[in-house]
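The values are calculated or read from the model by the stated rules, or taken from the named source; none is laboratory data. The structure displayed is predicted, hence computed values, not measured ones. Cβ placement follows ideal geometry from the backbone for every residue including glycine, while neighbour counts extend to all protein chains displayed.
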Amino acid sequence: MMKHNFNAGPSKLPIDVMRAVSAACLDFENSGLSLMEMSHRAKNFQPVVDEAVQLFRELLSIPEGYSVLFLGGGASLEFCMVPYNFLEHKAAYLNTGVWAKKAMAEAKLFGETVEVASSADTTYNYIPKGYTVPSDADYFHVTTNNTIYGTELHRDLDSPVPMIADMSSDIFSRPVDVSKYNCIYGGAQKNLSMAGVTFVIVKDDALGKVTRPIPTMLDYRTHVKGGSMFNTPPTVPIYCALQTLRWIKREGGVEEMQRRAEAKAALLYGEIERNKLFRPTVLNPDDRSYMNICFVMSEEYKELEAGFLSFATERGMVGVKGHRSVGGFRASCYNAVTIDDVKALVECMQEFERQH
Ligand SMILES: *Cc1c(COP(=O)(O)O)cnc(C)c1O
């Protein structure tokens with residue numbers, strides 16, 4: 001049976017992307033070698049990195065003066081690389097979830113770290129507003145999409161200091177004003193590639209401003225200078241990212257991804273609100289994530305939770321169980337998830353409602 005993949009990450013990829021990566025893993029561009037057994041310095045691999053960087057620039061309209069890097073270590077390593085490279089006197093963090101909190105915890109190891117606001121009081125089910133970012137901070141760190149709680153910043157904020165963003169789970173789902181950021185990073189396994197590669201967009205002249213010594217591998221300048229080839233980069237995940245970037249371009253770019261995300265989210269949130277069995281966990285529609293749509297059973301139907309999960313699973317839904325810290329359900333609707341996948345889930349919810 002055809003599965004509808006709502007996994008939170010690693011997550012659904014377009015079938016064309018998986019076909020291209022599979023073919024390259026057997027015979028890379030008729031070279032007689034698998035992509036897995038080739039040198040990252042091979043003449044025919046360099047164009048993969050070059051084109052992936054070029055497509056990043058094109059699809060996100062990245063201004064001059066920024067570098068695009070492909071690294072290892074996941075978004076979690078960036079939590080430490082960011083303060084290592086950017087925190088001299090003070091950093092400001094918006095605490096919108098576990099990932100934001102983990103990023104902030106690393107910053108505290110390097111210097112004064114201000115939590116400008118937090119939504120921890122209500123299991124992070126809203127995005128705080130009306131706070132002040134200290135104007136003497138080196139940077140203001142935000143998590144643009146909170147994968148676990150289903151909240152999202154749909155627009156780039158205004159900040160008195162340059163921003164740094166974890167965009168692990170919403171990169172390429174909307175246009176971004178990159179000029180507002182000194183650094184944008186994320187694990188690729190949500191919206192860009194298979195697991196194994198981290199993307200970093202970094203403003204070149206924001207580097208080299210801290211006085212502490214930085215270990216070579218943790219210094220962004222090493223990877224800017226080395227063109228992501230200082231050490232062996234994750235070659236297959238980079239190739240997979242390239243295929244996804246080509247797919248995004250063919251499909252109409254980030255504006256089209258945004259249009260689709262809005263359509264999928266409108267359909268699913270609409271059903272969650274209409275259906276008597278369910279309710280959304282994020283109450284302010286402005287704060288609701290288009291990428292990770294979280295909902296629970298209505299109070300009077302609480303005992304049906306396990307029942308709905310197995311009902312949905314039998315009908316081919318995958319990955320709709322909510323994160324253990326929130327409970328209920330989470331349908332991750334990344335770029336590769338189609339409106340038909342969402343329609344299948346909505347039909348499932350309607351059928352379950354008719355039965356109860
Ligand atoms: C998944 C996720 C992470 C963790 O990424 P890793 O690549 O596993 O380190 C960090 N931040 C956000 C917003 C995420 O969704």
Members of the stretch 302-326 that are more than 18 Å from L268 (Cβ to Cβ), under 26 Å from the mean Cα position of the chain (by Cα) and free of Cβ contacts under 8 Å to residues at least 60 places away in the same chain
R324
Pull up the stretch 104-118, narrow it to residues that are over 12 Å from Y131 (Cα atoms) and out of contact with any Leu (no Cβ under 7 Å at 6 or more places or on another chain), then point me to the one that is surrounded by the fewest Cβ atoms within 10 Å (Cβ to Cβ).
L109
Any chance the stretch 220-240 includes a residue that's over 20 Å from the mean Cα position of the chain (by Cα), away from the ligand (no atom under 16 Å from the Cβ), over 30 Å from Y84 (Cα atoms) and not aliphatic (A, V, I, L, M)?
no
Do we find a residue being over 15 Å from F56 (Cβ atoms), within 12 Å of the ligand (Cβ to nearest atom) and in contact (Cβ under 8 Å) with a residue 12 or more places away in the chain anywhere in the stretch 198-208?
no
Scanning the stretch 281-301 for residues that are under 20 Å from N5 (Cα atoms) and free of Cβ contacts under 8 Å to residues at least 40 places away in the same chain, the one surrounded by the fewest Cβ atoms within 10 Å (Cβ to Cβ) turns out to be V296
All-but-one check, Q189 against (1) more than 12 Å from the ligand (Cβ to nearest atom); (2) farther than 21 Å from E88 by Cα; (3) of a type outside the set (A, V, I, L, M, F, W, C), failing number (1)
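Starting from residues that are in a helix (DSSP H, G or I) and exposed (fewer than 15 other Cβ atoms within 10 Å of the Cβ), keep the ones in the stretch 26-50 and report whichever is farthest from the chain's Cα centre (by Cα).
Initial filter on the stretch 26-50 (in a helix (DSSP H, G or I)): 26, 28-30, 35-37, 46-50.
Pick out the ones that are also exposed (fewer than 15 other Cβ atoms within 10 Å of the Cβ) and you get 26, 29-30, 36-37, 46-47, 50.
Working: L26: 29, E29: 30, N30: 33, M36: 25, E37: 29, Q46: 25, P47: 25, D50: 22 Å.
In this case the residue turns out to be N30.
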Six or more apart or on different chains, Cβ under 6 Å: which pairs go from a residue in the stretch 73-90 that's at pLDDT 95 or above to one that's within 12 Å of the ligand (Cβ to nearest atom) and assigned to a loop (DSSP other than H, G, I, E, B)? Could you list them?
A75/S168
So S67, is it outside any loop (DSSP other than H, G, I, E, B), among the polar types (S, T, N, Q), surrounded by fewer than 18 Cβ atoms within 10 Å (Cβ to Cβ) and touching a Lys or Arg at 6+ places or on another chain (Cβ under 9 Å):
no
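Restricting attention to the stretch 44-64, which residues are among the acidic types (D, E) and touching a Lys or Arg at 6+ places or on another chain (Cβ under 9 Å)? Can you show your working first?
Residues of the stretch 44-64 that are among the acidic types (D, E), as a first pass: 50-51, 58, 64.
Selection gives E51, E58.
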